[in-house]
Amino acid sequence: MSPTSVSREPFGSLEDGSPVHRFTLANDSLTASILDYGVRLQSLLCRLQGDEVRQCTLGFDKFETYLTDGAYIGAVVGRFANRIRDGRVTVDGSTCQLDRNEGDNHLHGGLKAFHNQKWQSATIYDGVVF
C-alpha cells in the first residue's frame, strides 16, 4: 500500500463568513474526505477487486445541506452520544438543566454540540489533526 496523500480544499462557509474545509486522505485502497465542520466524514471511497470504487458512507455534496441536516450524517456527536431525558443531569449532587433539542430531551450534546462546530485543524505528514 502506498503512503497516504493529504489535501485540503474549500468546501463552503458559515454564516459569519468563516471558511469550511474538506480534507481528503487517500491511498491505494481508500479515499476519505472529512470536513472541519463537525469533523464529518463526508465521503469514504473503497477500492474493490478489479478497480471498482464504491461509496461506503452517506454524505452531502454541498456544505449548505449539513447546516440543516437533522440526522447527524457523518458527524462526531457529543459531548453525550444519546438522549438525556428532560435535558436534566445530576453531577456530584448538583442538577444541571441542559438545552432540549429533541422534544423534552437533550440529544447528542445539544444545540452547540460537536457536530455543528467549526473545528481547528492542521494537516500533518500523513493525516489531519482536529
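Take the conditions (1) among the hydrophobic types (A, V, I, L, M, F, W, C); (2) open to solvent by 50 Å² or more (accessible area, probe 1.4 Å); (3) not in a loop (DSSP other than H, G, I, E, B); LEU58 misses just one of them, which is (3). Might you let me know whether segment 37-60 holds any residue that is among the acidic types (Asp, Glu) and touching a residue at least 12 places away in the same chain (Cβ under 8 Å)? No: zero hits.
Among the residues of segment 14-21, is there at least one that is of a type in the set (A, V, I, L, M, F, W, C), farther than 22 Å from HIS108 by Cβ and either touching a residue at least 60 places away in the same chain (Cβ under 8 Å) or touching a strand residue (DSSP E or B) at 6+ places or on another chain (Cβ under 8 Å) (or both)? No - not one qualifying residue is present in segment 14-21. For the condition free of Cβ contacts under 8 Å to residues at least 12 places away in the same chain and more than 19 Å from HIS115 (Cα to Cα), THR31 does not qualify. Once segment 61-83 is narrowed to residues that are among the hydroxyl-bearing types (Ser, Thr, Tyr) and assigned to a helix (DSSP H, G or I), the residue that is least open to solvent (accessible area, probe 1.4 Å) is TYR66.
On inspection, ASP86 qualifies as over 16 Å from the mean Cα position of the chain (by Cα) and either of a type in the set (A, V, I, L, M) or not in a strand (DSSP E or B) (or both).
Taken over segment 97-111, the criterion of being part of a loop (DSSP other than H, G, I, E, B) and open to solvent by 90 Å² or more (accessible area, probe 1.4 Å) is satisfied by ARG100, ASP104, LEU111. Restricting SER43, SER18, SER94, SER33 to residues that are open to solvent by 50 Å² or more (accessible area, probe 1.4 Å) and of a type in the set (Ser, Thr, Tyr) narrows the list to SER94.
If only residues of segment 112-126 that are more than 24 Å from THR65 (Cβ to Cβ) and either of a type in the set (A, V, I, L, M, F, W, C) or modelled with pLDDT of 90 or more (or both) are counted, the one that is surrounded by the most Cβ atoms within 10 Å (Cβ to Cβ) is THR123.
The values are calculated or read from the model by the stated rules, or taken from the named source; none is laboratory data. What you see is a predicted model; the values in this text were computed from it and never measured. So basically every Cβ, Gly included, is an ideal-geometry build from the backbone, and we count neighbours across all protein chains shown. Just the protein is used for accessible areas: all its heavy atoms, side chains included, with ligands, DNA and RNA removed. Shrake-Rupley method; radii C 1.70, N 1.55, O 1.52, S 1.80 Å.
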